[in-house]
Amino acid sequence: MAILSKLFKPTVWNFIALAIMFVGLIIAVIRFIYGLGAVTNLSNTYPWGIWIAFDVLSGVALAAGGFIIAGTVHIFNLREYQPIVKPAVLTAFLGYFLVIVGLIVDLGLPWRIYHPLIYPQVHSAMLEVALCVMFYFTVLFFEFLPNIFERLNWKVATRWIHMFTIPLVIAGIMLSCLHQSSLGSLLLLNKEQLSRLWYTPSLPFNFFMQAVAIGLAMVIFESQMSSRLFNRPPEDKILTSISKGLRNILFIYLIWRVIDLTYNGNWSVLGNSRFETFWFSVEWIVGVLIPVLLLSTNLHKNPTTRFWMATLVIFGIILGRINASLTGMSSYFNQIYIASWEEVTISAAIICAGLLLFQAIVRNLPILEENGDEEESPEPAVVTY
């Protein structure tokens, strides 16, 4: 119990999270012993289920706030956002780590996860996705190292790794931009199967815009949750500014998608499938329209409203990824994919692992110790993604 108390507060919710992780671990063991068919509803029709749609496609997007904050602070030199730098790198690092965990559980032969490096299929979009995950996670690892060095008081190592700040920022931004858009490129292969409510030649750009929106929303969500969990004053000024940026991105994305759907003549399929039309409507009304309207008022200055608006955006983008990879193909196959309880439990276990790891790292490393005074420090700021 003493060890656990050093990692996270012994609350009811944290122990529930541990219980979910334990059940998820048992299911994962069964999956690796008896195969995917033992615990999933995957089939030849739906070889990609909730583990790819949620754990991977959505998980990668949730980590996008990192490269946005990195570029804002270190490339555009907007130092007022410095206090949210370390939490951003932690969120991105954990996000990609859990994406890799989700991939390992989903892969039929997970012990061959390194094969793209040895047997590259140069004409496959999957190769670019695999390489970006590997390389960007490596970059995030090096960006996270200064926190460990600072905790151990390794001043020479900290000073040495700071020398590579800008090159790592640039590499991280490039890899993240490539990766976010290439996930949309994968779905271009589903031209016949995917409903035109989601299929468009601009899917790579759409995925990139979604990543920027959910990345900013995740920064707001994480910052306000951290303030509450660790009894810190909220970064209201910074988060109010970020919420304005989120509003602008959502508005641009909304206008772009309307133009895209109109130009490609895709509005005509609206209503062809009640199931797809319903989830398309929920995605846009809840995840885009309502946040845009509310963020356009002074309500975005209210911490509670701002938090729930960010939550709606996160929900909407995640639903959009699930729609584009699963829901949007239901009418073509005349079959609806429903995840098994085991699949849902493992996804929930991965989320719980992320929440507990975040708490443990924040309680033991100098993640939330930055403030505005650090801008005067002669040391280069720690890079974040």
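Computed from the coordinates by the stated procedures, all read-outs in this text should not be read as laboratory data. Since we're looking at a predicted model, the values are computed, not measured. Virtual Cβ from ideal backbone geometry, glycine too; neighbours counted across all protein chains shown.
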Assign unit charges at the C-beta atoms only (+1 for Lys and Arg, -1 for Asp and Glu), then state the dipole size of the chain relative to its Cα centre in Debye, rounded to the nearest 20.
-> 360
Percent relative contact order for segment 2-376, counting Cα pairs under 8 Å at least six residues apart, stands at 32
Of all the C-alpha pairs in segment 2-376, what % are more than 25 Å from each other?
-> 57
When the dipole is taken about the Cα centre of segment 95-235, and only Lys, Arg (+1) and Asp, Glu (-1) are charged at their Cβ, what size is it in debye, to the nearest 20?
-> 200
Candidates per GluC sites (Glu not before Pro) in segment 113-211, loop by DSSP, up to 12 other Cβ within 10 Å = 192
Net charge near residue 40: determine it from the other residues with C-beta under 11 Å of the C-beta of residue 40, scoring Lys and Arg +1 and Asp and Glu -1.
-> -2
Grab the Cα-Cα distance for residue 232 and residue 308, subtract it from 0.36 nm times how many residues apart they are, and report the gain in nm with one decimal.
-> 25.4 nm
Kirkwood Rh, Cα atoms: Rg over Rh of segment 181-267 | 1.14
Per q in 0.19, 0.26, 0.27 1/Å, what log10 I(q)/I(0) does a Debye calculation on the alpha-carbon atoms of segment 70-132 return?
-> -0.81, -1.07, -1.12
Could you pull the Rg and Dmax for segment 210-364, using just the Cα atoms, both in Å?
-> 17.8, 55
At 0.36 nm per residue, minus the direct Cα-Cα distance, what do residue 43 and residue 189 gain on full extension? Give it in nm, one decimal, please.
-> 50.7 nm
Measuring from centroid to centroid over Cα atoms, what is the spacing of segment 269-323 and segment 102-173 in Å?
-> 32
Over the Cα atoms of segment 68-206, Rg to Rh with Kirkwood Rh, two decimal places?
-> 1.03
